[in-house]
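Q: Just dropping this structure here.
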Amino acid sequence: MFDFSIVTTWIHEFLLSFLHPALATTVEYVLIGICILLVYAVIAVIMIYMERKVCAAFQCRLGPSRVGPFGLFQLFADVIKMLIKEIITIRHTDKILYNLAPYIVIFSSVLAFCCLPVNKGMQIIDFNVGIIFVIAASSIGVIGILLAGWSSNNKFSLIGAMRSGAQMISYELSIGISILTIVVLTQTTQLSQIVEQQADGWFLFKGHIPAFIAFLIYLITGNAEVNRGPFDLPEAESELTAGYHTEYSGMQFGLFYVAEFVNLFIISGIAATLFLGGWMPFHINGLEGFNRIMDFIPGFVWFFGKAFFIVWVLMWFKWTFPRLRIDQILALEWKVLLPIGLVNLLVMAGCVVLGWHF
């Protein structure tokens, strides 16, 4: 498995060869920031195209097919349209909070995105409380949503924001518990160490039944956390126009739109890291030839392949199940998922103490 820290160390030493250490560090920060924004934008474009094609497949349509080969240029047309569209100024709004809300949402998304361990030595943020930091960073987004709904001076936006706030805050509990189940199994919160412990088998397979249950809970709650169907009541067009971003236009709406899709990728990336081995290849004990072939595939290919597979599964959920009512959404969390998650956490703790996991 190639270690990208070799590349980053070489770049650092190259910059130090002709720059002052403080200036070299500043240049590295700028380069990292540019790379983050470029990868973030590319993933957002891929996710939007994937959403349209998957949606079309489930509805027996073709999706984008006219602008460019396979409709690929339709995305660039949409991006240009979003950038040049007028930002409409709404009267009687709290202008500071109204303009600040989209940036809080995108800031939370980018901060969580930086923690994804794409490959060995290819992680922006990696410290001993990494998964706790991801939970904290992703939780900031709900503040931007609540501010967007309240500051818009629109009853539909306010109702959508309150629904989204109640839903996201509730489902964060079950997400945290499912993540803690893996933390109990690994006895670490550092993402790179969690991945490295799956070198001889992914936790979905070797973590016993509690790990599988935690994986299912994570998929359901993660889908609800990013307001995706069937948990998209905060943006129900038939009731609330567009929910908390009804009064937003132009690139302000674009920030909400992009953040929603990249947040779906972040949820999938964390699931791939915790349950499917992250950048680790698929190995089968006893088949050394097969395992060596798997090792030739780069780690970032494994990571993105697993993450996009989970994205596809979550899109399958959205276009299969009908939208739930808000009381059904909250009842599912507080009466079903949370109790199961708590019991599952205790069972995992017992398995670890007794050594019952594989």
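Q: Over the Cα atoms, compute the radius of gyration (one decimal) and Dmax (the largest Cα-Cα distance, rounded to a whole number) for the stretch 43-116, in Å.
A: 16.7, 46
Q: Could you tell me the extents of the stretch 252-328's C-alpha atoms along the three principal axes, largest first, rounded to whole Å?
A: 51, 30, 18
Q: Using r as the Cβ-Cβ distance of Tyr103 and Glu288, and R0 as 56 Å, what FRET efficiency do you calculate, to the nearest 0.05?
A: 0.65
Q: Determine the per residue accessible area of the stretch 277-319 with all protein chains present and a 1.4 angstrom probe, expressed in square angstrom.
A: 53 Å²
Q: Something else now. By how many nm would the segment from Ile124 to Ile143 grow when fully extended, if each residue of separation counts as 0.36 nm and the alpha-carbon distance is taken off?
A: Here the segment from Ile124 to Ile143 would lengthen by 4.4 nm.
Q: Something else now. Taking Cα pairs under 8 Å and at least six residues apart, what relative contact order does the chain come out at, in percent?
A: Dividing the mean separation by the residue count of the chain yields 22 percent.
Q: Enumerate the lysines that Lys335 could reach by cross-link, defined here as Cα to Cα under 21 Å, with residues fewer than 8 away along the same chain left out.
A: none
Q: Right, next: Which whole-number value in Å² is the accessible area per residue of the stretch 80-137, probe 1.4 Å?
A: On a per-residue basis, the stretch 80-137 sits at 57 Å².
Q: Where the accessible area of the stretch 1-126 is counted over protein heavy atoms with a 1.4 Å probe, how much of it, in %, is carbon and sulfur?
A: 73 percent
Q: Continuing with the same structure: Accessible area of the stretch 178-330 with a 1.4 Å probe: how many percent of it is carbon plus sulfur?
A: Of the solvent-accessible surface of the stretch 178-330, carbon and sulfur hold 68 percent.
Q: Given that just one value was derived from the coordinates, which of (i) 23.0, 88; (ii) 19.5, 60; (iii) 21.4, 69 is Rg and Dmax of the Cα atoms in Å?
A: Matching entry in (i) 23.0, 88; (ii) 19.5, 60; (iii) 21.4, 69: (iii).
Q: Here's a follow-up. Between Lys85 and Glu13, what is 0.36 nm times their sequence separation minus the Cα-Cα distance? Round to one decimal in nm.
A: 21.5 nm
Q: OK, next. Rounded to the nearest 0.05, what FRET efficiency is calculated for Val27 and Gln187 with R0 set to 35 Å and r the Cβ-Cβ distance?
A: Once rounded, the FRET efficiency stands at 0.40.
Q: Kindly write out, for the stretch 45-52 in residue order, the coupling ³J(HN,Hα) from the Karplus curve 6.51 cos²θ - 1.76 cosθ + 1.60 (θ = phi - 60°), rounded to whole Hz, with x marking Gly and Pro.
A: In residue order, the calculated couplings are 5, 4, 5, 5, 5, 5, 4, 5 Hz.
Q: Still on this structure: Take the alpha carbon gyration tensor of the stretch 83-145, find the square roots of its eigenvalues, order them as a ≥ b ≥ c, and report rounded if a/c is under 1.5; if not, report prolate when a/b exceeds b/c, else oblate.
A: Verdict is oblate for the stretch 83-145.
Q: Would you list which lysines come within 25 Å of Lys120, measuring only between C-alpha atoms, while excluding same-chain residues fewer than 8 positions from it?
A: Lys206, Lys306
Q: Can I ask one more? List the lysines whose Cα lies under 30 Å from the Cα of Lys85, skipping any in the same chain that are fewer than 8 positions away.
A: List returned: Lys53, Lys95, Lys155, Lys318.
Q: Using a 1.4 Å probe, what is the accessible area per residue for the stretch 173-227, in Å²?
A: 32 Å²
The values are calculated or read from the model by the stated rules, or taken from the named source; none is laboratory data. Please read all numbers here as calculations on a predicted model, not as lab measurements. Here the Cβ is made from the backbone with ideal geometry for all residues, glycine too, and neighbour counts use every protein chain on show. All accessible areas refer to the heavy atoms of the entire protein, side chains included, with ligands and DNA or RNA removed. Shrake-Rupley method; radii C 1.70, N 1.55, O 1.52, S 1.80 Å.
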